[in-house]
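Read through the structure below, which is laid out as structure tokens, and then see the notes.
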Amino acid sequence: MGCYSDPNGTNNVFCQTITRDDSGQLVRILNQEQNLNETRARGVDVAASYRFDLEQWRVPGRFKASLNYSRRLELSTEYNGISSVETIDEVGAVGTAKNEAKFGLNWSDDNWSVRWSSRYVGSVVDSLEREKQAIAMGWADPLYLYLDDYWRHDLSVSFTPDRRNPKLKVFGTVRNIFNDYGPFLPDGTDSGNQYNYNSTYGVVGRAFTLGLQVEF
């Protein structure tokens, strides 16, 4: 689209990659790798973990809590446009939320290990370009543009029947415990597809696994 979006005509670097015959029919499009000027990424990452026990309340086992938080401040790409250097800002769209976090709580003893984990994805828009168009047109709340915060919760359990033989283990998981599919993103949106879903939000629906691990 760069070739024909130039208001000054088709005499630009993008149109030079397109060849047409005398009748105007398309003959060839030369695909070339473009050397982007610069990609910038800035943000803040915070990670914390804490081990503790509750023996004073006669609760057996060992606990561990962990938290990982990310705040994107900038994610942009500069490239040579038709007449000037252009910048694409990517923070705030699906897959590049400003705020993301993961929380985990683990309990274990000699035989059992149980872990609850939660993932948070902050509110985003389907497309930053669509958002600009909506603002320019004065549309207050276009369909499938503004997407709410998302939470997903998982549970995993493992059991070692004989602590003298740690090579034998039974395990199971429940992913997406509350069966949250994430935002509805139908085909035709920038980040959606025919399944009305985006893989950024992880597993589709609730999923179960059960297994046996044996080491020789």
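The values are calculated or read from the model by the stated rules, or taken from the named source; none is laboratory data. Note that the coordinates shown come from a computational prediction; the quantities given were computed from them, not determined experimentally. Note: ideal-geometry Cβ built from the backbone for every residue, glycine included; neighbour counts use all protein chains shown. Heads up: the accessible areas ignore ligands, DNA and RNA and are worked out on the full protein's heavy atoms, side chains in. Shrake-Rupley method; radii C 1.70, N 1.55, O 1.52, S 1.80 Å.
Quick notes on this structure:
- The one condition from (1) on the phi < 0 side of the Ramachandran plot; (2) open to solvent by less than 20 Å² (accessible area, probe 1.4 Å) that GLY205 does not meet is (1).
- Summed over segment 180-201, residues that are of a type in the set (S, T, N, Q) and over 18 Å from the mean Cα position of the chain (by Cα) total 1.
- For the criterion of being without any contact (Cβ under 8 Å) to a residue 12 or more places away in the chain, assigned to a loop (DSSP other than H, G, I, E, B) and open to solvent by 30 Å² or more (accessible area, probe 1.4 Å), ASN165 passes.
- GLU55 being modelled with pLDDT of 70 or more, under 30 Å from SER123 (Cα atoms) and loosely packed, with under 12 Cβ neighbours inside 10 Å: no
- Subset of segment 68-82 that is surrounded by 14 or more Cβ atoms within 10 Å (Cβ to Cβ) and modelled with pLDDT of 95 or more - its residue that is farthest from SER117 (Cα to Cα): ARG72
- Residues that are hydrophobic (A, V, I, L, M, F, W, C), in a strand (DSSP E or B) and under 29 Å from the mean Cα position of the chain (by Cα), drawn from segment 19-48: ALA41, VAL44, VAL46, ALA47, ALA48
- Conditions (1) within 26 Å of the chain's Cα centre (by Cα); (2) charged (D, E, K, R); (3) closer than 30 Å to LYS167 by Cα: number failed by ARG51: (1)
- Here is the figure for segment 168-200: residues that are loosely packed, with under 15 Cβ neighbours inside 10 Å and either at pLDDT below 90 or closer than 18 Å to SER127 by Cβ (or both) total 9.
- Listing of strands (runs of 3 or more DSSP E) fully contained in segment 83-142 that carry 2 or more residues being open to solvent by 40 Å² or more (accessible area, probe 1.4 Å) and modelled with pLDDT under 95: 85-89
- Looking only at segment 28-44, and only at residues there that are farther than 11 Å from GLU74 by Cβ and not aliphatic (A, V, I, L, M), the one that is modelled with the highest pLDDT: GLU38
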